[in-house]
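Working notes for the structure below.
The values are calculated or read from the model by the stated rules, or taken from the named source; none is laboratory data. Owing to the predicted nature of the structure, the values given are computational and were not obtained by experimental measurement. All Cβ positions, glycine included, derive from the backbone under ideal geometry; neighbour counts span all protein chains shown.
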């Protein structure tokens, strides 16, 4: 992914001050700090966060007139002892998972990365259900917001514990997420997101005091959100494009961020067009009988050879379930071996297929071999979940290609991002027709590009500015306005097929 | 006082928007507002207050896509129905009294003015006592702050009730006060204000969200404070200079703001020098036996002719006590009639002097004539209170004159401000030696100039900028560093005398 020069908006400086004296220097305490910033670091300070001002006098005296002063642009947002490490937090707020990156703001190094589940899943796995819940009352809406804010505070705490640091030293935070997650986190209105014409309350980048968002970081810190593009194309999409450097060069290139919603961007001829598809949580391991997140024991790679199953698990631990990439491999394997057909129907006569309560399932791992002594299977329903996701994503790709009058074969690069925690197998994705059939060298899986984009925007003022610019350039295509969309969708919803090939 | 062009930092615009449409305009709700501001009013909006964003979508829909948008500089800080009146509040936060002015932000007209007592007086009449109280614990400090914030919220409510308006439509607030009041209100540290070398935590102007100050005005509004100059020369002093246009012309001019602390500024040869004196609350009617604020029935003017007393009361109501200007007249009258001597000792043999519990007092109004059937007197202690105040103020004037090598006679203008609620008699002030003996035409009493200055800074961006500049230019003189200060003070502490004349 893109490398970047370390030039963050929030920057710390060590200041050594002389104490005030009745006879020759009665400058106020803040004035001493701003004078040192000006004289010794050539930085102008035009304002101070009121919470920083509220402790400045006893702080400076107890630190014997030495401190680290942090400026965000021209505002003094933090003051800490000279030895204090200044930190920043980049977050990808996913519908299902929240990924956080703790960064050392002196060198720009990532000190730790970690994730927590999005506790809003308790109120609905998908965005629409959550927004319906929030709509019931202001208390409901507040609960959704508080839950995610709590999770972010816990995530910050966890990252700081891991690195033996203090979350009160986190002086900057950049957060990305889809538009709904972004709005629910900031407490912005969401009802208009689920009613036609599905517009965001706010698209532009927001710079909000963490205290106004309920976050418990450095008292004067800001949380910054990248811009949204449309109701279903959010800041995470912009972050992904930032990280994958898909900024509209001449060569046709595609970038996908696969998640509960999958956003896809086509860059060609200097134009950026984006679309969003409701792909469901299958690739995050949800709605799948033995699905799980990419934790220890999750099957992340799987191969079906002559009916034999070989696999690899996270940490090499005994298998306990399937994460997104494992599910994809399993369905691709079953399809290649003709154990499921293009509609996802399972061959009940296969020796490894068993029927439980009338429902067929393919046994991947026998109970005796599994880490928790329970067989790991792929059910026919699992296959259908994957089929739905596959159809939605492939139809989205087709909508973009048609809008620019391109054929899939003309794509020179396909970047595949997603917060799976592990990389999907491109060949499996091509096999089931989720991705177009191109030479494998043109595909580039990149992991959590949204999180990486958030980190870039935090580390570089240029990247932060690029993100705003890019968001304004992206043309959003609303599938409902595409002629023939239903037909495109229907044709994409077979295993192994893309809409073009079905033409 | 100075007139000013209406050009406020917070300004409202009516916007008429077209609703979003799936087929041709999917701009976000905020984007619609900023586009209209740009296209129809030539105003750029770069950010939005998060609380405004939190209701923007249902608001715009319920107002049928018409609204009043208020920008503070380039931030959208309020959105209200198109018919809504936008208001602003200017406040002079005095140690004893709080004066507020409610202004219509469409035309800059003052709609109402009112005052409330500063509830912090319950914890001490003077600043030092209050700060000692605040120092005891963070709860004590919080209580002082909450009390004054409550009073400000009540004052806003009162002004809005008077004018049948809504305090949630107050989109801007400018507050001035002495440094201690300023710090206590914003929750800034105060301990260093009462310990040598008495420096402010913050001198520069502050722009703070009202929610961060505990105020309940428009959710996105700012409260702005003018800059402080020193620990005992605050934003109210800067506001007074702004209102009296004492900005350092060549002709020697003096401006005094008489209150519990009296700040004095000498402008001469393009230089501004200021000093502060602890004059006590006598001129606010406190520490005076029958003192009261300038409410109905307060004696505001008084004359002692051949032992007879004539007077004028506020509202012409039957007399119930003395406000600051009345006390001053009484002491001047007693001194002129030789009933008190230069040290403030009262002639016990005078027919109107009675001795109660060994303490002499002069009867101004007999019980039968008084509004509350209680005699109104001036006690010898009252005279001594006035003497202390007079001495402190006159010594301050002398310190400034000496610092610039001027004699009192050279002063071409003397502006007298003070939140007395009524104007003091200049001739009385000259008689007792509070002010130097100059032709009466050179004196200009102006009432509450600090409040007027706050209003100017609110109505005019230029005046707001002038205030910052002026504050940086003012040279503060710390009396403790003036050689001979004790002698100057001692000589000023006689009735009828100034230090120069005693030389």
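The residues of segment B:428-454 that are surrounded by fewer than 19 Cβ atoms within 10 Å (Cβ to Cβ) and assigned to a loop (DSSP other than H, G, I, E, B), listed by number, are B:437, B:438, B:439.
I'd like the full set of residues that are part of a helix (DSSP H, G or I) and farther than 12 Å from residue A:121 by Cα, limited to segment A:135-144.
Scanning segment A:135-144 gives A:135, A:138, A:139, A:140, A:141, A:142, A:143.
Taking the numbered list (1) away from chain B (no Cβ under 14 Å); (2) more than 31 Å from the chain's Cα centre (by Cα); (3) in contact (Cβ under 8 Å) with a residue 24 or more places away in the chain in turn, residue A:118 passes all entries but (2).
Condition test on residue A:132, is it part of a loop (DSSP other than H, G, I, E, B) and more than 24 Å from residue A:456 (Cβ to Cβ)? So residue A:132 fails the test. Taken over segment B:27-53, residues that are over 17 Å from residue A:195 (Cβ atoms), within 12 Å of chain A (Cβ to nearest Cβ) and assigned to a helix (DSSP H, G or I) amount to 9. Against the conditions (1) surrounded by fewer than 23 Cβ atoms within 10 Å (Cβ to Cβ); (2) more than 8 Å from every other protein chain (Cβ to nearest Cβ), where does residue B:184 fall short? Just the number, please. Against the list (1) surrounded by fewer than 23 Cβ atoms within 10 Å (Cβ to Cβ); (2) more than 8 Å from every other protein chain (Cβ to nearest Cβ), residue B:184 comes up short only on (1). Can you find even one residue in segment A:17-26 that is free of Cβ contacts under 8 Å to residues at least 12 places away in the same chain, part of a strand (DSSP E or B) and at the interface with chain B (Cβ under 10 Å from one of its Cβ atoms)? Among the residues of segment A:17-26, at least one is free of Cβ contacts under 8 Å to residues at least 12 places away in the same chain, part of a strand (DSSP E or B) and at the interface with chain B (Cβ under 10 Å from one of its Cβ atoms), which makes the answer yes. Say whether the condition of being more than 12 Å from chain B (Cβ to nearest Cβ), within 24 Å of residue B:478 (Cβ to Cβ) and modelled with pLDDT of 95 or more is met by at least one residue in segment A:65-88. Yes, segment A:65-88 contains at least one residue that is more than 12 Å from chain B (Cβ to nearest Cβ), within 24 Å of residue B:478 (Cβ to Cβ) and modelled with pLDDT of 95 or more. When residue B:461 is tested against the conditions (1) at pLDDT 95 or above; (2) within 14 Å of chain A (Cβ to nearest Cβ); (3) surrounded by fewer than 19 Cβ atoms within 10 Å (Cβ to Cβ), the lone failure is (2). For residue A:174, state whether it is in contact with a helix residue (DSSP H, G or I) (Cβ under 8 Å, 6 or more places away or on another chain), without any contact (Cβ under 8 Å) to a residue 40 or more places away in the chain and assigned by TED's automatic domain parsing to the domain that holds residue A:108. Against the criterion (in contact with a helix residue (DSSP H, G or I) (Cβ under 8 Å, 6 or more places away or on another chain), without any contact (Cβ under 8 Å) to a residue 40 or more places away in the chain and assigned by TED's automatic domain parsing to the domain that holds residue A:108), residue A:174 does not qualify.
Applying the selection to segment A:409-427, what residues are at pLDDT 95 or above and part of a helix (DSSP H, G or I)? Passing the criteria: A:409, A:410. Residues that are within 30 Å of residue A:213 (Cα to Cα) and in contact with a helix residue (DSSP H, G or I) (Cβ under 9 Å, 6 or more places away or on another chain) number at least 1 in the following strands (runs of 3 or more DSSP E) confined to segment B:54-106: B:66-72, B:75-80, B:87-93. A single entry from B:155, B:159, B:175, B:144 fulfils the requirement of being away from chain A (no Cβ under 14 Å), at pLDDT 95 or above and closer than 30 Å to residue B:274 by Cβ: B:155.
Which one is surrounded by the fewest Cβ atoms within 10 Å (Cβ to Cβ), of the residues in segment A:314-327 that are assigned to a loop (DSSP other than H, G, I, E, B) and out of contact with any helix residue (DSSP H, G or I) (no Cβ under 8 Å at 6 or more places or on another chain)? Among them, the one singled out is A:317. Selection of segment B:377-398 for residues being farther than 13 Å from residue B:497 by Cα, in contact with a helix residue (DSSP H, G or I) (Cβ under 6 Å, 6 or more places away or on another chain) and in a helix (DSSP H, G or I) yields B:383, B:385, B:386, B:389. Within segment B:194-212, the set of residues being facing another protein chain (nearest Cβ under 9 Å) and part of a helix (DSSP H, G or I) comprises B:211, B:212. Being within 14 Å of chain B (Cβ to nearest Cβ), in contact (Cβ under 8 Å) with a residue 60 or more places away in the chain and in a loop (DSSP other than H, G, I, E, B) is the requirement here; does residue A:215 meet it? Here the answer is yes, as residue A:215 does meet what is asked.
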